[in-house]
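First comes the structure, then the notes that go with it.
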Amino acid sequence: MVRSSRFDYIDGMTDALKKLIEAAKTANPSPEHLEEQRRSFVYGNTHFENALITREMVDREAEKLAKEKK
């Protein structure tokens with residue numbers, strides 16, 4: 001009996017998907033892109049808990065934190 005590995009799903013990936021995954025491993029996002037992703041993550045997680053949270057609120061607070069950091 002062949003025991004299945006938790007990585008058996010990789011065998012089913014298409015070559016195109018494998019290429020995309022490899023490209024993502026070497027991606028070097030800009031600081032602006034990382035900030036955009038960070039804000040998106042914050043918004044998604046806070047809005048999920050509190051529907052009154054807006055992207056504008058997240059942006060405003062991020063700008064405040066950036067000014068304090070300088």
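The values are calculated or read from the model by the stated rules, or taken from the named source; none is laboratory data. Keep in mind the model is a prediction, meaning the values are calculated, not measured. Here the Cβ positions follow ideal geometry from the backbone for every residue, glycine too, while neighbour counts run over all protein chains shown.
Structure notes:
- Selection of the range 9-26 for residues being exposed (fewer than 10 other Cβ atoms within 10 Å of the Cβ) and at pLDDT below 90 yields Tyr9, Asp11, Gly12, Thr14, Asp15, Ala16.
- For the range 42-70, the set of residues classified as of a type in the set (Lys, Arg) and either in a helix (DSSP H, G or I) or at pLDDT 95 or above (or both) consists of Arg55, Arg60, Lys64, Lys67, Lys69, listed by residue number.
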